[in-house]
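The values are calculated or read from the model by the stated rules, or taken from the named source; none is laboratory data. The structure displayed is predicted, hence computed values, not measured ones. Please note: Cβ atoms are built from the backbone with ideal geometry, for glycine as well, and neighbour counts cover all protein chains shown.
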Amino acid sequence: MKQEWDVFYGQYWVETIAPDSTSRSALDDFWATSVAPRLADFLVERRMDGGTILLSAAVGPQGRLFIGDPNTNEDNLVIVWSRPGASPREPAYYVVKEICYAVVGPALEDLVEEKVENISLRMTAAVRCGALVLDRYAPVLAARYRRTMMRSVGADTVTATIGRFEERFSLEPEILTALQDEIDRL
């Protein structure tokens, strides 16, 4: 074991895990002071005001959301991308997108017939939902969210205007209306 540590794991720790703990602390602070308080009503309504956020370089920009027991919010699990070299705040924007799947499902249930065939639609709807949620509850964070989502698909973030964001993540008007109605349900 010592040889494995000396040859590989020690350096791996120094290069990846140790900096990640600093990033994790910065994310926790940003979430607790800047994001969660602004989204409090939304998070409580969706029963997403508790649980665990995990960071993973392997999961990629799509992330994962596991909504636990509907009687408690403590077993929710959100796994989001921790892009190497990214701002430690960036994963918070992926958390917002993942939490939006709790909105996308109900919003699309009457509009979309086949779940499997519409995975791409649901992903796009989650991205757009995140922008709508931040526009409503935390406008100061919305532009950075849009740039983060544009970066996740390799788009130019310098010119990431609202129009380009909406063009890249386009949805039919009735889907946008359904998302907005579901968000406004509070």
Exercise. If you go through the stretch 87-100 one residue at a time, do you hit one that is among the aliphatic types (A, V, I, L, M), modelled with pLDDT of 80 or more and surrounded by fewer than 22 Cβ atoms within 10 Å (Cβ to Cβ)?
Worked result: no
For this session: Scan the stretch 41-53 residue by residue and report those that are surrounded by 15 or more Cβ atoms within 10 Å (Cβ to Cβ) and either under 14 Å from the mean Cα position of the chain (by Cα) or assigned to a loop (DSSP other than H, G, I, E, B) (or both).
Result: LEU43, ARG46, ARG47, MET48, ASP49, GLY51, ILE53
Problem set entry | Enumeration of residues in the stretch 64-85 that are of a type in the set (A, V, I, L, M, F, W, C) and either touching a Lys or Arg at 6+ places or on another chain (Cβ under 6 Å) or surrounded by 15 or more Cβ atoms within 10 Å (Cβ to Cβ) (or both) | LEU65, ILE67, VAL78, ILE79, VAL80, TRP81
Exercise. What pairs can you find where one residue is in the stretch 13-35 and in a helix (DSSP H, G or I) and of a type in the set (D, E, K, R), the other is surrounded by 12 or more Cβ atoms within 10 Å (Cβ to Cβ) and at pLDDT 70 or above, and their Cβ atoms are less than 7 Å apart, with a gap of 6+ or different chains?
Worked result: ASP20/LEU55; ASP20/SER82; ARG24/LEU55
Exercise. Where residues in the stretch 63-100 are β-branched (Val, Ile, Thr) and assigned to a loop (DSSP other than H, G, I, E, B), which of them is farthest from TYR145 (Cα to Cα)?
Worked result: THR72
Exercise. In this structure, is ASP28 among the charged types (D, E, K, R), modelled with pLDDT of 65 or more and either under 17 Å from the mean Cα position of the chain (by Cα) or under 30 Å from CYS100 (Cα atoms) (or both)?
Worked result: yes
